[in-house]
Amino acid sequence: MSIVDTGTGTPEVRLNIFEPPRFFEAFLRGRRAEEIPDLVSRICGICPVAYQVSSLNAFEGLFGVEVDEQVRRLRRILYYGEWIESHALHVFMLAAPDFVGVPDAVAMVERNPGVVKEALSLKRFGNDVMSAIGGREIHPVSLKIGGVHRAPSKEALSSLLPELDRLRGSVGNLVAFVSSLQKPSLERESTLVCLHDPARYAIDCGEISSNSGPCVPPSSFEESFEEYQVSYSNALHSRTKGGGSYMVGPLARFSLNFEQLNPVARAMARDMGLKPPLKDPFQSILVRVLEIVHALEETAGEVREYEEPPRPSTPYKPKAGVCHGVSEAPRGILYHSYAVNARGQVERAKIVPPTAQNQSRMEDDIRLLVPQIMESDANGARRLGEMAVRNYDPCISCATHFLRLDIQKALA
Amino acid sequence: MAKPRLGVFKFSSCDGCQLSILDAEEELLALLDKVELGDFLEASSASTGPPYDIALVEGSISTPEEAERIVRIRKESKTLVAIGACATSGGLQALRNWSILGLFESAVYPEPEVARAMEKALPVSDFATVDFELRGCPVSKAQLLQSLASVLRGAKPRLSTSSVCFECKRAGNACVLVAGGTPCLGPVTASGCGALCPSWSRGCYGCFGPSDDANLDSYTSWLTAHGIDRQTIALLLKGANSRSPEFRKWIEEND
């Protein structure tokens, strides 16, 4: 990251993402629609289900496939598993050590042994959910256009319940721990964007909603937002059409869909004094832990209501057209669009990950923190910069412990 | 005695293979107790830097900077283990090696000249001597832990080199290919996943790359004789391991 004091009062902030380009949108061309969910999951090992579900939503919409209600439930449970795993990884292994002031979760064990052990159980449980429905936790294999390759038995899913119910009982301790962490603060206005699903706190599908405009269908995404390239980074940035940066992810979801959050999580939010809309990105760690509670509670309900579907998938015929699919990845909206020909092959693919959408917003946040960064010593500055970026849980290697801070003062 | 120093390094990849280390929740703290973390950005901001006793390398080499960095890490490491399909054969992003980079760049970037990538995404072994390879997209957590345990004891890891079919038979699955007519790469793919896909009623798509005894010509002529066309076979092989020698040869000769 570089901060250049231009002497004009507005410092220039550049987050140089060194993530090498992998050209997914290019090599997806010519592939069959049925192959896409397995291919796109490889974009991110931390949120593969999000990639699979957004692509399925796109193709199933185009091909007019009615997916069985119980199969949808399976996909949602799988997705909750990914939220639990990904949020637990972020909150307890990446972000909390920052706030505690230690380098990693291992170092946290000495001070908070119970917390680390329980957080690992939580993460383990998220992985177990993913394995029970997807076959494995990283790049699951069970999802396909029209449904799933094989639906697990009621018994197999129910075997998750004892540990699930235990975690629902104990997660309050983890919430209390996260709530007690000392956090920096940064109150600022921001355009918040997330999905809205009338049926639930949006996760597997929905329309695109924002605090600055009406709800629009996924097909209007590219009319509302655009990607642009910057010279200093391999990751494309995003902005609202005609506007500036915007923010996707937990803070947006909490702010816009609070009433749909599970009542247990909502009550905990009230106890923490959190109410929508949230304006401080440093509070996103709190929302993530509340979303873990939400996901645990929703999973408990969904698993109990699950019945094995009459058939695992609905047959379909590919057809030509342009399609769009969205879902709420742990880090925010994940948008996919494909042009498909009559043979069911992809002719054009566009994928806009949440981290790309948040990038400009991260730079804006750091710009606002510059006075504090400039006042800190080198270590403090680096730590604050890392924390400001980590608020967005970017799913790239710089998600983690990365920052080389380059502060350039203006030449007199 | 000083603990062996472990470095975990990411190149062009999805992070999934190094996440497998963090996914070993029960074993994680025990493992981290046995080593000193020299460098593992995904897990810790503490970093001792080189030299490393064990370097786990995830990802393919696909930019000039990465090519320099892997050579440096090799020099700094006693044992270098390539983990996952990207590191061992180039991974999915090596699908660009079948095309022309410029076309790919302009498909993704409005100003393609700014994105800096090499013509091809390549396995680690094209740049540095690799002591040991762990296959898979992602790697198997069990194979990863087993190999680390061996290396920590000074032994060379030994993994099964048989095909997925052996694991599948042991799992008691009905054959998805013979009984269900579903194209499956199990007979020519290395084991390690526990015959995951056939156990989930679908064909293997080759995450672990070719098995040692893979006979692509013989197997694919059986497939075509049973009504599975060459294009379907080529697409199956053009996955995460399309540049592994056996898969690559078949694609070059037949696609």
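The values are calculated or read from the model by the stated rules, or taken from the named source; none is laboratory data. These figures come from a predicted structure and were not determined experimentally. Heads up, the Cβs are rebuilt from the backbone with ideal geometry, glycines too, and the neighbour counts pull from every protein chain shown.
Remarks
- Count of residues meeting criterion [modelled with pLDDT under 85 and within 11 Å of chain B (Cβ to nearest Cβ)] in segment A:378-392: 4
- Hits in segment B:53-91 (condition: assigned to a helix (DSSP H, G or I) and either closer than 13 Å to residue B:10 by Cβ or modelled with pLDDT under 95 (or both)): B:64, B:65, B:66, B:69, B:70, B:73, B:86, B:87
- Against the test of being away from chain B (no Cβ under 13 Å) and at pLDDT below 95, the options A:76, A:72, A:168, A:111 yield a single qualifying residue, A:111.
- Residue in segment B:201-226 that is farthest from residue B:176 (Cα to Cα), counting only those that are within 11 Å of chain A (Cβ to nearest Cβ) and surrounded by fewer than 24 Cβ atoms within 10 Å (Cβ to Cβ): B:205
- Segment B:123-150 - residue that is hydrophobic (A, V, I, L, M, F, W, C) and more than 20 Å from residue B:190 (Cβ to Cβ) and, of those, modelled with the lowest pLDDT: B:149
- Only one entry in B:58, B:25, B:65 is crowded, with 17+ Cβ neighbours inside 10 Å, among the acidic types (Asp, Glu) and closer than 17 Å to residue A:22 by Cβ, namely B:58.
- Condition check for residue B:67: more than 8 Å from chain A (Cβ to nearest Cβ), among the aliphatic types (A, V, I, L, M), touching a Cys at 6+ places or on another chain (Cβ under 6 Å) and farther than 14 Å from residue B:148 by Cβ: no
- Only a single criterion out of (1) within 29 Å of residue B:13 (Cα to Cα); (2) within 13 Å of another protein chain (Cβ to nearest Cβ); (3) crowded, with 22+ Cβ neighbours inside 10 Å is not satisfied by residue A:106, namely (3).
- Inspection of segment A:53-60 finds a residue satisfying the criterion of being among the acidic types (Asp, Glu), surrounded by fewer than 24 Cβ atoms within 10 Å (Cβ to Cβ) and more than 14 Å from chain B (Cβ to nearest Cβ).
- Residues located in segment A:30-52, provided they are facing chain B (nearest Cβ under 9 Å) and part of a helix (DSSP H, G or I): A:35, A:38, A:39, A:41, A:42, A:43, A:48
- Test: residue in segment B:157-167 that is at pLDDT 95 or above, within 14 Å of chain A (Cβ to nearest Cβ) and closer than 25 Å to residue B:94 by Cβ: yes
- Tally, over segment B:10-58, of residues that are within 12 Å of another protein chain (Cβ to nearest Cβ), touching an Asp or Glu at 6+ places or on another chain (Cβ under 7 Å) and aromatic (Phe, Trp, Tyr): 1
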